[in-house]
1. Looking at segment 53-207, what % of the alpha carbon pairs are farther apart than 29 Å?
2. Could you give the nm distance between label points at residue 195 and residue 123, where each point is 7 Å from its Cα heading toward the beta carbon?
3. For all pairs of alpha-carbon atoms in segment 57-121, what percent lies in each bin of width 5 Å, listed from the first bin to the last filled one?
4. Between residue 162 and residue 142, what length in nm is gained on full extension when 0.36 nm per residue of separation is reduced by their alpha carbon distance?
5. Let me check against my output: what whole-number percent is the relative contact order of segment 98-160, with C-alpha pairs under 8 Å and at least 6 apart?
6. Could you tell me the distance between the Cα centroids of segment 117-183 and segment 62-85, to the nearest Å?
7. Computed from the mean reciprocal separation of all distinct C-alpha pairs, what Kirkwood hydrodynamic radius does segment 103-145 have, in Å?
8. Taking amide H positions as placed in the peptide plane 1.01 Å from N, state which residues far from residue 166 in sequence (5 or more) or on other chains have amide H under 5 Å from it.
Amino acid sequence: MDGCELIFRRKFFIVGLFFLVSTFLSGPWGVGIAAESGQVAGDAAMSTEYLIGVGDILEVSVWKEPDISRSAFVRLDGRISLPLIGDVVANGLSLQALTQKIREKIAKYITDPSVTVTLTASKSKMYYVLGQIAKPGEYSLDYPLTILQVIAKAGGLNEWAKKSRIMVVRQDSGQQRMVLFDYEEFLSGKGLAQNILIAPGDTIIVP
């Protein structure tokens, strides 16, 4: 599957998800989707250490070796390609772990190499905002964000938004679950725990 097909499927899924949720707004929740209040541990949504994912762009620098140093794109197979050592699995690793792996491979050819791996662009950690909001679309999760911050980043709620029925659709252990966020209740000082951290892959729906 090439990159264009992956993007098409992702956007097709998002649109389909929006209409599916809209169908169940006035009735019981769909089978296989658990509706919960926002009492979800926020710190579980974000890892304290960044893990590389498919689509990320990395900068690999080897001191005094300009022919090896270069920008590397994490492909759909989770690998990056570098001169001399070929393909290296990057998906799921921390920057530190990937640095060590590359150093070990290069050490077969270069004595005591000094390797640095930095994240140039985070493209694997995405979230999606749909519905009655100023700027719906796909966003990169470059740093921890709460639901309220996501709303602000997307330009705020539209006039006719159902502020008490905002939903976060999250993939959890192979199942989708739905976390509810009552914007008006939160602003009144109640239910502050609803304002959880967004996790990669979350879809925020404003009906």
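Please treat every number below as a calculation from the coordinates, not as lab data. Keep in mind that what you see is a predicted model, and the values were worked out from it rather than measured. Backbone-built Cβ (ideal geometry, glycine too); neighbour counts: all protein chains shown.
1. 38
2. About 3.4 nm separates the two model spin labels.
3. 4, 19, 34, 28, 11, 3, 0
4. Between residue 162 and residue 142, full extension yields an extra 4.4 nm.
5. Reported as a whole number, the value is 25 percent.
6. The two parts, judged by their Cα centres, are 32 Å apart.
7. That comes to 14.0 Å for segment 103-145.
8. Residues meeting the amide H criterion: 181, 183.
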